[in-house]
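Read through the structure below, which is laid out as structure tokens, and then see the notes.
The values are calculated or read from the model by the stated rules, or taken from the named source; none is laboratory data. Since the model is a prediction, treat every value here as computed from it, not as a measurement. Every residue, glycine as well, gets a Cβ built from its backbone with ideal geometry; the counts of neighbours run over all protein chains shown. Each accessible area value is taken on the protein alone, full model and side chains, heavy atoms only, with ligands, DNA and RNA left out. Shrake-Rupley method; radii C 1.70, N 1.55, O 1.52, S 1.80 Å.
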Amino acid sequence: MLARVWSASLIGIDAVKVGVEVDVAGGLPGIVVVGLPGTEVQESKERVKTAIKNSGFAFPMRRIVINLSPADLRKEGPSFDLPISIGILAAAEQIQTETLDEYLFLGEVSLDGSLRPVAGVLAIAAAAKQLGISSLVVPADNVREAAVVKDLNVYGFKHLSEVGAFLNDSSGYIPAQIDLTIDPSEMQVAAPDLGDVKGQAHARRALEIAAAGGHNLIFVGPPGSGKTMLARRLSGIMPPLEFEEALEVTQIHSVAGLLKDKGSLIGDRPFRSPHHSASGAALVGGGTFPRPGEISLAHRGVLFLDELTEFRRDVLEFLRQPLEDGNVTISRTRQSVSFPARFTLVASTNPCPCGFYADTVQPCTCSPRAREQYWARLSGPLMDRIDLQVGVNRLKPEEITQQPTGEDSATVRARVQQARDRALFRFKETPLRCNAEMQSAHLRQWCKLDDATRSLLENAIRRLGLSVRASDRILKVARTIADLADDEALQVHHVAEAIQYRTIDRMQ
């Protein structure tokens, strides 16, 4: 007998519907899987056979041919275990087949028949409507993840025998339901408080501007000046994720297999901090079958690159496209995959190899040539994409011994939220979500300059040798400064402050 059940495969964070066709016919006993199955899918033959026997069903000792269509799409991962098991049972007439077309099956089976969670369930559930699916059958541990999607019936089971009983008689089974009215901000993980920072008023102001406008930021200063401490407090003053943003972030982490212990939604802004030895594939994603890298896992959050100049230059160059476009495209022979990567980059570095150039306490031992080679590790196009370049000085002795006097994260976050709300109202007819995403046409519309402001900007461009991209970044930062001040029009002091955040340009 021939039976067909539905499953799905992931391409990036997009899902493709896969038909699992099973034919049980005469011939020598054996299982053949066709349709470009990967290693895990080939190995599923033994898992499925043993699981069916240990779940109270009779495994058909006949020739079994399993076809995974479309045949030109590579099928990877253990999520096909459950649909293959159900297909074999349906073809062997041990379960009802009338309603199989209504369901999409995902899950790994253990040898005892228990169902294990798999990665990427949320991404597939989110695409269910486009795939023509109304009901999803998944392992119990994946239920909360899949049930986030509205208007989709999600059924979770712990054992293959339970799935068989459900298909034979679905009366009395109720789809899983979770409370979607919970504000993701209530789940927000507490970040280090900005109120614990001593001094560094200039750097604190830069953090506030970066959070309000989604601007990329780099701290430059000697060892021990607090660059890393400041950077780790950025996510705590950013606005909480909105529901749609939380869904995007959760989908990416679901595809990466990082949701098993995180409940249904990720409510906190991601903060990713890869080591400077990270490869290009680790940073942007990759592999034979591409998976998200650090920049995609930082989507809608913060990517912190500590000791930026210690990263390999070719690895840093991979950041140029994501910083500009908000996504990363990974091309392979068979397919091209895109992952979202709309993150705020925060970096830190020393001003020279020894770390003490322009330090007020310890003299620098580097030659001008050594400093030049040090900064040559960072390309001009990459630095152009960093809006805020901020010098961080060593604290004075009296600042070290005094108690912190700055505002705490909650107070700063309230101002940031007001500035973001102002920008969102301005962008209501566009897909933009923050000032850093503005393009040239938006700058002409919302960053108009009077004669005095234009003259100031022209002088800065001439003196610092700024590129067109760098001058646009100044306007974006000035727009955010104006939003924080609740000003509609850009004024001279807004642009003047934005120009001050080009420390590296002034050093060169």
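Applying the selection to region 453-469, what residues are free of Cβ contacts under 8 Å to residues at least 24 places away in the same chain and open to solvent by less than 60 Å² (accessible area, probe 1.4 Å)? Before you say what the answer is, go through the steps one by one.
Restricting attention to region 453-469, the residues satisfying the condition of being free of Cβ contacts under 8 Å to residues at least 24 places away in the same chain are 454-455, 458-459, 461-463, 468.
Within region 453-469, SER455, ILE461 qualify.
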Worksheet, complete the sentence: Scanning region 322-332 residue by residue, the ones that are more than 15 Å from GLY286 (Cα to Cα) and assigned to a helix (DSSP H, G or I) total 3
Worksheet item: Restricting attention to region 54-67, does a residue exist that is in a strand (DSSP E or B), farther than 26 Å from PRO290 by Cα and charged (D, E, K, R)?
Response: yes
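To keep it simple, each residue is scored yes or no on (1) over 20 Å from ALA191 (Cβ atoms); (2) outside any loop (DSSP other than H, G, I, E, B); (3) within 17 Å of the chain's Cα centre (by Cα).
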{"site": "GLY267", "(1), (2), (3)": "no, no, yes"}
{"site": "PRO274", "(1), (2), (3)": "no, no, yes"}
{"site": "ALA281", "(1), (2), (3)": "yes, yes, yes"}
{"site": "THR309", "(1), (2), (3)": "yes, yes, no"}
{"site": "ASP314", "(1), (2), (3)": "yes, yes, no"}
{"site": "ARG334", "(1), (2), (3)": "yes, no, no"}
{"site": "PHE339", "(1), (2), (3)": "yes, yes, yes"}
{"site": "ALA347", "(1), (2), (3)": "no, yes, no"}
{"site": "PHE356", "(1), (2), (3)": "yes, no, no"}
Discussion item. Quick check on region 9-18. Is at least one of its residues assigned to a loop (DSSP other than H, G, I, E, B), over 26 Å from GLY293 (Cβ atoms) and in contact with a strand residue (DSSP E or B) (Cβ under 8 Å, 6 or more places away or on another chain)?
Written reply: no
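From the list ASP141, ASP101, ASP151, exactly one residue is within 27 Å of VAL65 (Cα to Cα), among the acidic types (Asp, Glu) and open to solvent by 40 Å² or more (accessible area, probe 1.4 Å). Which is it? Give the derivation first.
Details: ASP141 fails: within 27 Å of VAL65 (Cα to Cα); ASP151 fails: within 27 Å of VAL65 (Cα to Cα).
ASP101 is the lone residue from the list that is within 27 Å of VAL65 (Cα to Cα), among the acidic types (Asp, Glu) and open to solvent by 40 Å² or more (accessible area, probe 1.4 Å).
State all residues of region 281-299 that are within 13 Å of GLY326 (Cα to Cα) and at pLDDT 95 or above; if no residue qualifies, say none.
Initial filter on region 281-299 (within 13 Å of GLY326 (Cα to Cα)): 284, 295-299.
If the condition is that a residue be within 13 Å of GLY326 (Cα to Cα) and at pLDDT 95 or above, then ILE295, SER296, LEU297, ALA298, HIS299 are the ones that fit.
Mind listing just one residue for me: the one in region 113-138 that is among the small types (Gly, Ala, Ser) and closer than 16 Å to SER85 by Cβ and, of those, surrounded by the fewest Cβ atoms within 10 Å (Cβ to Cβ)?
For region 113-138, the residue satisfying everything is SER114.
Would you check if GLY236 is open to solvent by less than 10 Å² (accessible area, probe 1.4 Å) and touching a Pro at 6+ places or on another chain (Cβ under 7 Å)? Lay out the reasoning, then the answer.
Details: open to solvent by less than 10 Å² (accessible area, probe 1.4 Å): yes; touching a Pro at 6+ places or on another chain (Cβ under 7 Å): yes.
It is true that GLY236 is open to solvent by less than 10 Å² (accessible area, probe 1.4 Å) and touching a Pro at 6+ places or on another chain (Cβ under 7 Å).
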Worksheet item: Taking the condition farther than 25 Å from PRO381 by Cβ and either open to solvent by 50 Å² or more (accessible area, probe 1.4 Å) or within 34 Å of the chain's Cα centre (by Cα) (or both), does ASP408 pass?
Response: yes
